[in-house]
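Undergrad: Sending over a structure as structure tokens; questions will come in a sec.
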Amino acid sequence: MIKTVSSREDTRIPRQCCSVCLPVDLDCMYNMTFEELNGDYSQERMDTMAKALEEVLTSALSQGCITVGVYEAAKSLNVDPDNVVLCILATDDEDVKDVALQIHFTLIQAFCCENDINILRVNNTRRLAQILDGVGAAKQSQGEPMDLHCVLVTSPPTTLWKDPALSKLNRLCRESRCMDQWVPIINLPER
């Protein structure tokens with residue numbers, strides 16, 4: 001005997017919208033706007049996400065939970081990937097043609113996806129440098145140029161980090177994955 005399921009029962013069953021996402025109720029998809037379903041977010045929402053990213057970076061910087069640089073990030077990911085809460089990949093227009101950098105990004109993205117680490121792309125390294133000025137000043141005093149192409153945010157060693165701004169960014173990443181946009185892009189506005 002074949003049992004049929006009514007559509008009402010079907011919408012109450014938690015489902016996964018993709019293999020990486022948490023179970024999602026179908027009602028959440030019905031509450032999304034047309035732009036969100038297509039992967040295009042409103043300018044207002046993107047401005048909110050840019051502010052949330054600035055808050056997360058400022059908070060993490062004050063707690064010493066920032067790793068800056070492609071090679072330093074790769075070392076940190078290799079040693080303790082469970083401690084990383086967010087990976088930020090930053091480029092400017094001229095970096096798009098750098099094949100070596102794109103290969104590094106591909107490898108980092110694959111590692112982050114495999115270890116369930118949220119990833120964001122940022123297209124304004126100059127503004128990112130302004131936000132992370134404390135890290136840059138320390139590196140430049142050591143005579144090293146600052147590599148902002150990859151920034152990791154890690155959990156503080158003493159407590160579990162519960163930050164509302166980080167929760168917003170995590171939700172953006174989760175929603176983007178559900179719409180097959182694996183790495184959302186945030187434009188950091190100049191100030």
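The values are calculated or read from the model by the stated rules, or taken from the named source; none is laboratory data. From a predicted model like this one, the values you see are computed outputs, not experimental measurements. Note that each Cβ is placed from the backbone with ideal geometry, even for glycine, and that neighbours are counted across all protein chains shown. Note: areas computed on protein heavy atoms with side chains; ligands, DNA, RNA excluded. Shrake-Rupley method; radii C 1.70, N 1.55, O 1.52, S 1.80 Å.
Undergrad: Looking at M146, is it outside any helix (DSSP H, G or I) and either modelled with pLDDT under 90 or buried (at least 16 other Cβ atoms within 10 Å of the Cβ) (or both)? Steps first, answer last, please.
TA: On the way: outside any helix (DSSP H, G or I): yes; either modelled with pLDDT under 90 or buried (at least 16 other Cβ atoms within 10 Å of the Cβ) (or both): yes.
For M146, the condition - outside any helix (DSSP H, G or I) and either modelled with pLDDT under 90 or buried (at least 16 other Cβ atoms within 10 Å of the Cβ) (or both) - is met.
Undergrad: For E55, which of the numbered conditions (1) closer than 21 Å to D180 by Cβ; (2) in a helix (DSSP H, G or I); (3) modelled with pLDDT of 90 or more fails to hold?
TA: Here E55 meets the rest and fails (1).
Undergrad: Need the failing condition index for L77 against (1) of a type outside the set (S, T, N, Q); (2) in a loop (DSSP other than H, G, I, E, B); (3) at negative phi, just the number.
TA: (2)
Undergrad: How many residues are surrounded by 12 or more Cβ atoms within 10 Å (Cβ to Cβ) and either assigned to a strand (DSSP E or B) or hydroxyl-bearing (S, T, Y) (or both) if we restrict to region 80-107? Don't jump to the end; show me each part of the working.
TA: Initial filter on region 80-107 (surrounded by 12 or more Cβ atoms within 10 Å (Cβ to Cβ)): 81, 83-92, 95, 98, 101-102, 104-105, 107.
In the following step, the residues that additionally are either assigned to a strand (DSSP E or B) or hydroxyl-bearing (S, T, Y) (or both) were identified as 84-91.
Number satisfying all stated conditions: 8.
Undergrad: If you take the residues of region 46-60 that are open to solvent by 50 Å² or more (accessible area, probe 1.4 Å) and not hydroxyl-bearing (S, T, Y), which of them is farthest from the chain's Cα centre (by Cα)? Don't jump to the end; show me each part of the working.
TA: If we filter region 46-60 for residues that are open to solvent by 50 Å² or more (accessible area, probe 1.4 Å), which is where we start, we get 47-48, 51, 55, 58.
Adding the requirement that they be not hydroxyl-bearing (S, T, Y) leaves 47, 51, 55.
Details: D47: 15, K51: 14, E55: 14 Å.
Among those residues, the one meeting the criterion is D47.
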